[in-house]
Amino acid sequence: QSPTHNYPHCDNVAETVLHFLVICPHYARARHILTSALRRRASSLPFLLSSPKASAPLIHFVNSTGHLWPTFGDV
């Protein structure tokens with residue numbers, strides 16, 4: 001969870017991993033690619049964070065959002 005608590009794209013929503021990866025409508029276009037690659041498993045946080053099959057699509061998603069770029073650059 002972010003120390004700021006508020007998500008920059010959604011009013012009154014905590015910035016959590018779940019919201020960023022699975023829920024946030026701001027990243028729906030980038031998430032579509034993730035969903036195309038992983039199907040319904042793309043909405044499973046445990047799968048996204050632990051399955052080797054999710055690694056490459058997840059990294060692609062994170063890079064395409066640009067959300068973590070200020071902190072980490074391209075991953």
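Any residue at all in the stretch 33-49 that's of a type outside the set (A, V, I, L, M, F, W, C) and at positive phi?
Pass one, the stretch 33-49, residues of a type outside the set (A, V, I, L, M, F, W, C): 35-36, 39-41, 43-44, 46.
If we keep only those that are at positive phi too, we end up with 39.
Scanning the stretch 33-49 turns up at least one residue that is of a type outside the set (A, V, I, L, M, F, W, C) and at positive phi.
For a quick check of your reading of the model, give me the residue pairs whose first member lies in the stretch 45-57 and is part of a helix (DSSP H, G or I), whose second is open to solvent by less than 90 Å² (accessible area, probe 1.4 Å) and of a type outside the set (A, V, I, L, M, F, W, C), with beta-carbon atoms closer than 7 Å and at least 6 apart or on different chains.
Partner pairs satisfying both residue conditions: none exist.
Does the stretch 6-31 hold any residues that are closer than 19 Å to LEU68 by Cβ and open to solvent by 60 Å² or more (accessible area, probe 1.4 Å), and which are they?
We begin by selecting, within the stretch 6-31, every residue closer than 19 Å to LEU68 by Cβ; these are 6-10, 13-31.
ASN6, PRO8, HIS9, VAL17, LEU18, ILE23, PRO25, HIS26, ARG29, listed by residue number.
The values are calculated or read from the model by the stated rules, or taken from the named source; none is laboratory data. Bear in mind that the values here come from a model prediction, so they are computed numbers and not experimental data. A quick note on method: Cβ atoms are made from the backbone with ideal geometry, for glycine too, and the neighbour counts reach across all protein chains shown. The protein model used for the area step is the full one, side chains on, heavy atoms only, and it has no ligands, DNA or RNA in it. Shrake-Rupley method; radii C 1.70, N 1.55, O 1.52, S 1.80 Å.
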